[in-house]
Structures are given as C-alpha cells and as structure tokens.
Amino acid sequence: MTTPPRLTVATADGTATVTIDNPARRNAMTPAMWESLPALLAPLAADPAVRVLVLTGAGDTFCAGADISGFTDADGLRAARTAAVAAEEALAAFPKPTLAAVRGHCVGGGCQLAVACDLRFAAHGATFGVTPARLGIVYPAASTRRLVRLAGPSTAKHLLFSAELIDHERALRVGLVDEVCPADGLDGRVRGYASLLASRSLLTQYAAKEFAGDIPGDSRSAYWAAQAATSTDALEGATAFLTRRPPSFTWTPPLPG
C-alpha cells in the first residue's frame, strides 16, 4: 500500500527529526504538506525535551520542490505559494537550532526550506537549485533576502536568474551549505552535531539565533540581558569548565504571556 505524502516526526535524545516523505515525487511538498508544517513545528518549539530540530527527506533525496501537478488555475497556484511562504517563515522562526540534512535533490521549495534552517549539512552528490525562473514565478521577498544573506548577492542572482542546479562542491564554496559529508556518513554526523548542540546552553542559542536574524532591537537586547542575569547557566558553565566536567544547563524559555 502506498503511503500518502506527509511530514513525519521522530524524537530522540533531545532532537526532533522532521522527514519530508513523498518518495513517489522525490519528496516534493504537496499543498497539504506545506499547510501542515507550521502546526507541526509549534508543539516542538514548546516542548522542553526538544533542543534541536533536524529537517531531512525520506530515502535518497531531500526535496525536489513544490508538487504543482494537481493545479490547473492561477488561484490554486497562489494559494500553494502562500502556504509555502507561511511554512518557510514558521521554520525560520523556530526558536531552537535547526539543521537541514540534505542528500540528493534540494531544489525549489526544498532549497527554500533548507535555507530557512540555521545550518545545512549535505551529502556528496547533493544538488541545489532555486528555480522560479523556470515557472515564471516571482520569488518571495523574504526568501530572496534570506538567500542573499546566506550566499551573497551574486550567487543569489545567479540561482534566481538562471534556475541552474549547482553541485555540493559549489554549494559549499559559496556558503549555501556549511559542511559536506560522505553519503554514508551524513546521518551520523548530523546526529552527533545535534547531540553536541543539545548539550550546550539553550539561553545562548535562543539569544544568538535572534540576534543573527531580523528581530533584534534595543528592547530585545535588554530582554536577553535580563534573562542572562537571572539564569545560572553562566555560573554553571564556568564551574564545569574549571572542574573539567560537562555542564548541565538549566535555562528554559519563559512561558508565553
């Protein structure tokens, strides 16, 4: 029996792994999958047991983009694009570290999702492309700015103007990915790095992620200074360093409201 296209979640050792599962179409994202992502991320963001999020694809590919095979009119395409942007923004706003584990094709909407993650690990043989020029689509402004910040204006323009696919070597060289691994070592490397992040201070990670994005202002700097002042993480980190033991950080984000 064929499994319907879906996003799945598995959690272990502080890491939540979200898998794009539509292998019949190289893990292309259907409208229902785009629409489900924000609601899937919300409880993971609130779960104190989840320290890191990993996004990956089922099988030997990450995501070949948006599945537009069922659309025959402009209204349907616009609705799908709106859902895709909402999903991307929800992923970019996820407050904990996010890692994309990429093998195979990472194209179109798939690249959009990978770029929305904090870091990208790619397997040898992975290919990347931003392909709206093939379809006559205006790439979203926020997505374009995110791509420019990551890979620079020239690379962003090259990808957007040409819709050309680039290999893992070029993607690493231009900053589109952070690390390239042998195909059979990707999962182990990402698990190990996620485990490392899960052992670090969540206070540091929350503040650093916000400061590195678009949100920070003076009020947010003051907010994080206050959080640091009332946290024991800094003392714990110093004590652990001096006594040569692993730290045990305890800061957790305040409850909403």
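Laboratory data are not the source of any read-out in this text; all were calculated from the coordinates shown. As the structure is a computational prediction, the values presented were derived from the model and not from experiment. Quick reminder, even Gly has a Cβ in these numbers, built from the backbone with ideal geometry, and neighbours come from all protein chains shown.
Laid out as a table, the results:
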{"item": "Residue-wise HN-Hα coupling along region 22-28, computed from phi with Karplus coefficients 6.51, -1.76, 1.60 (Hz; x: Gly, Pro)", "result": "8, x, 4, 10, 6, 6, 4"}
{"item": "Placed amide H near Ala126: partners under 5 Å, 5+ positions off or other chain", "result": "Gly104, His168"}
{"item": "For Gly57, distant residues with modelled amide H under 5 Å away", "result": "Ile20, Arg103"}
{"item": "Value at 222 nm in deg cm²/dmol, rounded to 500, when DSSP H runs of n ≥ 4 in the chain each add -39,500 (n - 2.57)", "result": "-14000 deg cm²/dmol"}
{"item": "Charge sum, other residues only, whose C-beta stays under 15 Å from Ser36's C-beta, Lys/Arg counted +1 and Asp/Glu -1", "result": "-4"}
{"item": "Likely footprinting exposure, Lys157, Lys209, fewest C-beta neighbours within 10 Å first", "result": "Lys157, Lys209"}
{"item": "Burial ordering of Trp34, Trp224, fewest other beta-carbon atoms within 10 Å first", "result": "Trp224, Trp34"}
{"item": "Estimated FRET transfer efficiency (Thr239, Leu135; beta-carbon r; R0 35 Å; 0.05)", "result": "0.05"}
{"item": "Exposure proxy ranking, count of Cβ atoms within 10 Å, fewest first, for Val180, Val52, Val148", "result": "Val148, Val180, Val52"}
{"item": "Three-way shape call for region 6-197 based on the alpha-carbon gyration tensor, with the a/c threshold at 1.5", "result": "oblate"}
